[in-house]
Amino acid sequence: MSAKILIANALIEGDVVFLTADGTWTRWVEEAAVATDETSEATLSEQGQAALDGNVIIDPQLIDVTVTDGKPFPVKYREQLRCLGPSTHLHHGKQADKAA
């Protein structure tokens, strides 16, 4: 079984968000909770469904990741791009927040 994280979009802002180990949502993939077995995968899914039902997020999905130095990184190119935020300019979106 591969490692997985839960990715979604924040309902109000539309930002790509990731579920953390404490059950909150973050914009930073490196803070995402990583599921490494069926039980932890089911827990992430249940938390995602609860947030969906509570109108916090939309489109929760478990995605495959590799973990390097304790930080998850999406396997598929589509999710890698989603982690970067808007691709319009490096001074906009999440890229600008990280540089500050």
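The values are calculated or read from the model by the stated rules, or taken from the named source; none is laboratory data. In this text, all values refer to a predicted model and were calculated from it rather than measured experimentally. When we count neighbours, we look across all protein chains shown, and the Cβ atoms used for this are built from the backbone with ideal geometry, even at glycine. Ligands, DNA and RNA are excluded from the accessible area calculation, which covers all protein heavy atoms including side chains. Shrake-Rupley method; radii C 1.70, N 1.55, O 1.52, S 1.80 Å.
Things to note:
- Label-zone membership for segment 32-65, site THR24, 7 angstrom Cα→C-beta point, backbone N under 20 Å: 32-35, 44-45, 47-52, 54-58
- The residues of segment 1-91 present an accessible area of 60 Å² per residue when probed at 1.4 Å with all protein chains retained.
- Approximating the spin labels as points 7 Å out from Cα along Cα→Cβ, the LEU11-to-ARG78 distance works out to 2.4 nm.
- Length gained on full extension, LYS71 to GLN49: 5.5 nm, using 0.36 nm per residue less the C-alpha separation.
- Selection of chymotrypsin sites (Phe, Trp or Tyr not before Pro), segment 1-64, meeting DSSP coil and at most 15 other Cβ within 10 Å: TRP28
- Of the solvent-accessible surface of segment 1-50, computed with a 1.4 Å probe over protein heavy atoms with every protein chain present, carbon and sulfur atoms account for 49 percent.
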